[in-house]
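S.K.: My structure is below; once you've seen it, I'll send some questions.
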Amino acid sequence: MADITYETCPTSAPFFGFMGVTAALCFANIGAAYGTAKSGVGISSMGVMNPQLVMRNIIPVVMAGVLGIYGLIVAVIIQGAITTPDNTGATVYSSFTGYAHLSAGLCCGLSGLAAGMAIGIVGDAGVRAVGQQERLFVGMILIAEALGLYGLIVALILSQQSYDCSANGAR
Amino acid sequence: MSDGGNPFGYEFMNFQRLLDIPMDISPYNYAATGTGLAIALSVVGAAWGIFITGASLLGGAVKEPRIRTKNLISVIFCEAVAIYGIILSIIFSGKLNIVAGNAFTNADWYSGFAIFNGGLTVGGCNLVCGICVGIVGAACALADAQKPELFVKILVVEIFGSALGLFGVIIGIVMTTQAKFG
């Protein structure tokens, strides 16, 4: 029988966990920044013609900001689960957990990026349209936010997966 | 191609090597690169935002000189992003220490990874935050030139944008609290 053994908790395991944290926050922030900037320019243009509508039309900006919050939530949850080596110097954090955290971060981050781009483009067009036709307001409430939420849900489920190399072999 | 005694008749790839790839680079390199990325990407974001805002602000101020002073707030929001970067990179550089004989423990490797990713998070978030605030600041200046009452309302959008840099700072600090060398 070919005996192939892989270290369950190698020293490099935290690298993948931390990359998950970075991916979650940075990609989600790219989406949030795109949504905020694109919608903000639309609001500024629309506000010149219709100043009283500006505060109502801040909604796309708020929804883009929420994507940044999703990234922050997942980043905080993941980095709280990355354990330091214990006092004997052995790594307790396993590769299994590291890869799960990397995938969770990528799920949330890339979904947030996609949702932010959608919110930006639709928000820009939406606020400019509402400036001219007020009946379009309800149509502008963005369904694109749900995309980021799907990413958050899957990331939270993935981040529950863990395996520890502690002395009693507990999960 | 079969090796001696292997009933499957072929060789398995050594996946253990894959797990050791991040350890080909020394923890000093990880930590120093993270420190450098924190300041470098933050400054790029701040500079990008400032030139986007500044160009529109100066162009609009030709016809409406009154917007000049109020809209410097947008430039200051972009500058704040660079300040976050420098604070975090000073914090990270304080954690760099020599390990005797380059005998790295698992805790040293952990610290190297943590500071690298902390710096990358801070730098990346500040980069996009600076660009976002710059674009909205440019739009704010031009809208203010046409209708003065719009300035405060579009400043609310800029505040939402500047929160993105703060998220990066929070995570960068929390990730590296337990990182220390030696």
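S.K.: Determine which single condition A:Gln79 fails, assuming it passes every other condition in (1) outside any helix (DSSP H, G or I); (2) in contact with a His (Cβ under 9 Å, 6 or more places away or on another chain).
M.R.: Unmet condition: (1).
S.K.: Considering the range A:39-61 alone, what residues qualify as being in a helix (DSSP H, G or I) and facing another protein chain (nearest Cβ under 8 Å)? Walk me through it before giving the result.
M.R.: The first filter runs over the range A:39-61 and keeps only residues in a helix (DSSP H, G or I), leaving A:39-49, A:51-53, A:56-61.
Those that are in a helix (DSSP H, G or I) and facing another protein chain (nearest Cβ under 8 Å): A:Ser39, A:Gly40, A:Val41, A:Ile43, A:Ser44, A:Ser45, A:Gly47, A:Val48, A:Pro51, A:Ile58, A:Val61.
S.K.: Scan the range B:87-141 for residues that are part of a helix (DSSP H, G or I), surrounded by fewer than 23 Cβ atoms within 10 Å (Cβ to Cβ) and facing chain A (nearest Cβ under 7 Å) and report the count.
M.R.: Qualifying residue count, the range B:87-141: 2.
S.K.: Here's another thing I want to ask about it. Restricting attention to the range A:6-38, which residues are among the hydroxyl-bearing types (Ser, Thr, Tyr), open to solvent by less than 10 Å² (accessible area, probe 1.4 Å) and more than 7 Å from chain B (Cβ to nearest Cβ)?
M.R.: none
S.K.: Within the range A:87-131, work out how many residues are open to solvent by less than 60 Å² (accessible area, probe 1.4 Å) and in a loop (DSSP other than H, G, I, E, B).
M.R.: Within the range A:87-131, residues that are open to solvent by less than 60 Å² (accessible area, probe 1.4 Å) and in a loop (DSSP other than H, G, I, E, B) number 5.
S.K.: Looking at the range B:18-42, which of its residues are assigned to a helix (DSSP H, G or I) and open to solvent by 70 Å² or more (accessible area, probe 1.4 Å)? Quick ask: steps written out before the conclusion?
M.R.: We begin by selecting, within the range B:18-42, every residue assigned to a helix (DSSP H, G or I); these are B:18-24, B:27-42.
Listed by number, the residues that qualify are B:Leu18, B:Ile21, B:Asp24, B:Asn29.
S.K.: Another question about this same structure. State all residues of the range B:147-169 that are more than 7 Å from every other protein chain (Cβ to nearest Cβ), over 13 Å from B:Phe92 (Cβ atoms) and among the aliphatic types (A, V, I, L, M); if no residue qualifies, say none. Show your work before the answer.
M.R.: Quick first cut of the range B:147-169, residues more than 7 Å from every other protein chain (Cβ to nearest Cβ) only: B:148, B:151-152, B:155, B:158-159, B:162, B:165-166, B:169.
Remaining after also requiring over 13 Å from B:Phe92 (Cβ atoms): B:148, B:151-152, B:155, B:158-159, B:162, B:165-166.
Matches in the range B:147-169: B:Val152, B:Leu155, B:Ile159, B:Leu166.
The values are calculated or read from the model by the stated rules, or taken from the named source; none is laboratory data. Since we're looking at a predicted model, the values are computed, not measured. Virtual Cβ from ideal backbone geometry, glycine too; neighbours counted across all protein chains shown. Just the protein is used for accessible areas: all its heavy atoms, side chains included, with ligands, DNA and RNA removed. Shrake-Rupley method; radii C 1.70, N 1.55, O 1.52, S 1.80 Å.
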